[in-house]
Amino acid sequence: MMNTPLTVTSMIERAEKYFPKKEVISRTLGGIHRLTYKEVGERTRALSSALEKFGIEKGDRVGTLAWNHHRHLEAYFAIPSMGAVLHTINIRLPEEHLIHIINHAEDKVLLIDPDILPMIEKIHQELETVEAFIVMGEDYFVPKSELDPLYSYEHLIAEGNSSYEYTVELDENDPAGMCYTSATTGKPKGVVYSHRGITLHSMAFSMVDTAGLSESDVAMPVVPMFHVNAWGMPFGATWLGSTQVLPGPMATPKVLAELIETYKVTATAGVPTIWLGLLNELDTGNYDMSSLRAILCGGSAAPKALIQGFESKHGIPFIHAYGMTETTPLVTLARLKSYQTDLPEEERLKIRGKQGLVVPGLDVKIVNENGEVNRDGEDMGELLIRGPWIADEYYKDEERSAESFRDGWLHTGDVATMDEEGNIEIVDRTKDLIKSGGEWISSVELENALMGHEGIFEAAVVSVPHPKWQERPVACVVLQDGIELTKEDIMAYLEPNFVKWWLPDDVIFMDDIPKTSVGKFLKRALREQIREHYSVEKN
Ligand code: AMP
């Protein structure tokens, strides 16, 4: 067989060639934009030509700090197609993490949404490698800013070459993109995506038993384009020529419901918090959601009530999936097998509430100290994954790569079971991180800060279930002998050093914190104790 490279370039070229009339509908601070793939293709080429003028070469990293909109989509293709690396940056990260990852990736140019400029103005003096900033707003003029040099995206597009040719020689294993993910300790870790990995992931994502994406779909990725390439939806949708709806900044449940209704969205993807919000909105408003054939939900466990809420009340198919930044991200997806569709509702829901079956192309196993676990849905172990869209290292990070990538497998840190049908269920995680509304909070960083207080003897931070955010941090604190501190004192102490959404929801004072035989906090026991504490309090 021919060994032609699988590249991201071929995705946008296919959309330009065969679907020039199909549309990308994009919501920005400036309103709704409707562009055809012909226009998106030309603008993408113009952006590549502008970046070339800035001296961007094969292998250089170009960062984006942006919401989901057409300009971000253009960057998704313009950067990898010229051989450079699309570095999508999570705009919700604390400042010190942003500084670290921009410096660590050695981004040469940053593309920034207008509302995110102030954040970069605050940290720009600490950015070591950035040579130019581009503001992705509506105007041809640049706003007054401390960033220098600062260019207008639209001006660059207008001046750029819309028939620029992608002549760079690409090997399918060349890097196309990268994304950083939070770590239990220390700074975020970088994951690099190859052209081949993204292409194969897009194929697997689009299969009928997976997301079943097709040309006839109107795809709306709600998951941010800075979270693992919006789960690969923009790549797949462009390749197939699907209509795309990109919901832009501050996409409230009302905005999402209106976009679905107006543009007849058929498939959408996001974290449970988003869908809990939409479900509430549907309960209060009167919307026509009849176009929706699939809501994909991942990033955190989807509560069964959420699945039931959409399906029984609104007749909208709701699909639970699992993945990670390291896995591009799709690994498993929960669907009923053909012989399970007649099972009683409760049993069907039980299957669909699990994270599901591994998608074609990947291999998984679950291991504990006794080897591979029994496929009985009870035996627990760590989930290991391998396959052509699974990372094999963290970027420039030998130590942490060696911890997670061993013997040809990615060790996920997720604790799981597998039932006899092969369905995986995530039951716990070993990483000391709390996932709130799809974003990570490091319990270790909060604990270190707390234990830096001279009145605090010991502190452990654990997650508690939350109806909206899935998990929220709660601090368990043992005070030094003879010291008196209130919850308010402790919160006031933490406040200056953390972004607001990282702050614990509660502080519980304790006499001691349960520990393992080697003196480590026994987080699982503590979590149970805390949950009991709240249920006693409620009663
Ligand atoms: P991220 O790299 O930020 O995408 O986070 C990946 C992690 O999120 C996984 O290792 C899991 O701990 C968690 N996760 C993702 N999807 C699910 C899911 N459907 N259910 C439970 N946990 C999930």
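If packing is taken as the average number of other Cβ atoms within 10 Å across a peptide's residues, how do 56-69, 74-87, 129-142 rank, most packed first?
Values: 56-69: 22.1, 74-87: 27.0, 129-142: 18.3.
Going from most to least packed, we get 74-87, 56-69, 129-142.
List the residues whose amide H sits under 5 Å from the amide H of ASN90, counting only those 5 or more places along or on another chain, with H placed 1.01 Å from N in the peptide plane.
Amide H neighbours of ASN90, under 5 Å, 5+ apart: TYR180.
In deg cm²/dmol, rounded to 500, what helix-only [θ] at 222 nm does the chain give when every DSSP H run of at least 4 residues adds -39500 (n - 2.57) and the total is split over its residues?
Result for the chain: -9000 deg cm²/dmol, rounded to the nearest 500.
In the chain, what percentage of the DSSP-assigned beta bridges are antiparallel, given to the nearest 5?
On the way: 52 of 89 bridges.
The answer is about 60 percent antiparallel.
I'd like the distance between the alpha-carbon centres of region 123-138 and region 249-328, rounded to an integer number of Å.
34
Two decimals is fine: what's Rg over Rh for the chain, C-alpha atoms, Kirkwood radius as Rh?
Numbers: Rg = 23.5 Å, Rh = 24.4 Å.
So for the chain, dividing Rg by the Kirkwood Rh gives 0.96.
With +1 assigned to the C-beta of every Lys and Arg and -1 to the C-beta of every Asp and Glu, and no other charges, what is the dipole magnitude of the chain about the Cα centre in debye, to the nearest 20?
Working: 51 positive and 83 negative charges, 308 e Å.
In total the dipole reaches around 1480 debye.
From the phi of every residue in region 145-151, what ³J(HN,Hα) in whole Hz does the Karplus formula 6.51 cos²θ - 1.76 cosθ + 1.60 yield, where θ is phi - 60° and glycine or proline is x?
Each residue of region 145-151 in turn: 7, 7, 6, 8, x, 10, 10 Hz.
Quick check: with the 1.4 Å probe, what order do PHE509, PHE310 take by accessible area, largest first?
So the residues, ranked largest to smallest area, are PHE509, PHE310.
Could you list which residues have their amide H under 5 Å from that of PHE318, counting only those 5 or more apart in sequence or on another chain, with H placed in the peptide plane?
ILE295
Count the net charge of all other residues whose Cβ sits under 10 Å from the Cβ of ASN368, scoring Lys and Arg as +1 and Asp and Glu as -1. Walk me through the numbers on the way to the answer.
Numbers: positive: none; negative: GLU369, GLU372, ASP379, GLU382.
Neighbourhood net charge equals -4.
Output the pairs from LYS144/LYS500; LYS468/LYS520; LYS435/LYS500; LYS187/LYS523 with a Cα-Cα distance over 20 Å in this structure; if there are none, say none.
Over 20 Å Cα-Cα: LYS144/LYS500; LYS468/LYS520; LYS187/LYS523.
Output the antiparallel fraction of DSSP beta bridges having both residues in region 67-222, as a percent to the nearest 5. Display every interim value, and only then the final one.
Numbers: 6 of 15 bridges.
Rounded to the nearest five, the antiparallel share is 40 percent.
Quick one: Karplus J couplings for region 419-434, per residue in order, coefficients 6.51, -1.76, 1.60, θ = phi - 60°, nearest Hz, x for Gly and Pro?
8, 5, 7, x, 6, 9, 10, 7, 10, 6, 9, 8, 6, 8, 10, 10
VAL85's amide H: which non-local residues (gap 5+, or another chain) put their own amide H closer than 5 Å, with H modeled 1.01 Å from N in plane and none for Pro or chain starts?
Those qualifying (amide H under 5 Å, at least 5 residues apart or on another chain) are GLY59, ASP60, ARG61, VAL62.
Report, to two decimal places, the Cα Rg of region 112-157 normalised by 2.2 N^0.38 Å (N = number of residues).
Working: Rg = 10.1 Å, N = 46, 2.2 N^0.38 = 9.4 Å.
Normalised Cα radius of gyration, region 112-157: 1.07.
Ranked from highest to lowest mean number of other Cβ atoms within 10 Å per residue, what is the order of the peptides 95-104, 471-480?
Numbers: 95-104: 18.7, 471-480: 20.7.
Top to bottom by mean Cβ count within 10 Å: 471-480, 95-104.
In terms of the ratio Rg/(2.2 N^0.38 Å) built on C-alpha atoms, what value belongs to region 438-511? Numbers along the way, then the final one.
Numbers: Rg = 12.0 Å, N = 74, 2.2 N^0.38 = 11.3 Å.
For region 438-511, the normalised Cα radius of gyration comes out at 1.06.
Output the peptides 226-232, 206-212 sorted from most to least packed, where packing is the average of other Cβ atoms within 10 Å over each peptide's residues. Before the final figure, lay out the partial values.
Working: 226-232: 25.4, 206-212: 16.9.
Result, highest mean Cβ count within 10 Å first: 226-232, 206-212.
Among MET220, THR266, PRO253, whose Cα sits farthest toward the positive end of the charge dipole of the chain (+1 at Cβ of Lys/Arg, -1 at Cβ of Asp/Glu, about the Cα centre)?
The listed residue farthest towards the positive side: THR266.
Please name whichever of MET233, HIS100, GLY186 sits farthest to the positive end of the charge dipole of the chain, dipole taken about the Cα centre and charges placed at Cβ: Lys and Arg +1, Asp and Glu -1.
Ranked along the dipole, the leading option is MET233.
Could you work out what % of the accessible surface of region 356-438 is carbon and sulfur, using a 1.4 angstrom probe and leaving DNA, RNA and ligands out of the count? Provide the component values of the computation, followed by the final result.
On the way: 1610 of 4020 Å².
Ligands and nucleic acids excluded, carbon and sulfur reach 40 percent.
How large is the direction-averaged shadow of the alpha-carbon convex hull of region 398-454, in nm²?
Projected over every direction and averaged, the Cα hull of region 398-454 covers 6.4 nm².
To the nearest 20 Debye, how big is the dipole of region 254-360 about its Cα centre, given +1 on the beta carbon of each Lys and Arg and -1 on that of each Asp and Glu? All intermediate terms of the calculation are to be shown ahead of the outcome.
Numbers: 11 positive and 11 negative charges, 60 e Å.
Dipole magnitude for region 254-360 comes out near 280 debye.
Would you mind working out the magnitude of the charge dipole of region 149-239 relative to its Cα centre, with +1 at each Lys and Arg C-beta and -1 at each Asp and Glu C-beta, to the nearest 20 Debye?
Working: 3 positive and 10 negative charges, 114 e Å.
That gives region 149-239 a dipole magnitude of about 540 debye.
Taking loop as defined by DSSP and a crowding limit of 15 other beta carbons within 10 Å, which GluC sites (Glu not before Pro) in region 389-451 fit?
Details: sites: GLU393, GLU398, GLU399, GLU403, GLU420, GLU421, GLU425, GLU439, GLU445, GLU447; in loops: GLU393, GLU420, GLU421.
Answer by residue number: GLU420, GLU421.
I need the calculated FRET efficiency for the pair ASN497 and ALA305, taking r as the beta carbon distance and R₀ as 56 Å, to the nearest 0.05. Mind dumping the intermediate values first?
Details: r = 36 Å, r/R0 = 0.64.
The pair ASN497/ALA305 has a calculated efficiency of 0.95.
In whole Hz and in residue order, list the ³J(HN,Hα) couplings for region 122-130 that follow from phi through the Karplus curve 6.51 cos²θ - 1.76 cosθ + 1.60, θ = phi - 60°; x for Gly and Pro.
Those phi angles translate into 5, 10, 4, 5, 9, 8, 8, 10, 6 Hz.
Work from the charge dipole of the chain (Cβ charges, +1 for Lys and Arg, -1 for Asp and Glu, about the Cα centre) and give the residue of THR88, THR430, ILE25 farthest towards its positive end.
ILE25
The values are calculated or read from the model by the stated rules, or taken from the named source; none is laboratory data. Just so it is clear, the model here is predicted, and its values are computed rather than measured. Neighbour counts run over all protein chains shown; Cβ positions are idealised from the backbone, glycine included. The accessibility values were calculated without ligands, DNA or RNA, using every heavy atom of the protein model including side chains. Shrake-Rupley method; radii C 1.70, N 1.55, O 1.52, S 1.80 Å.
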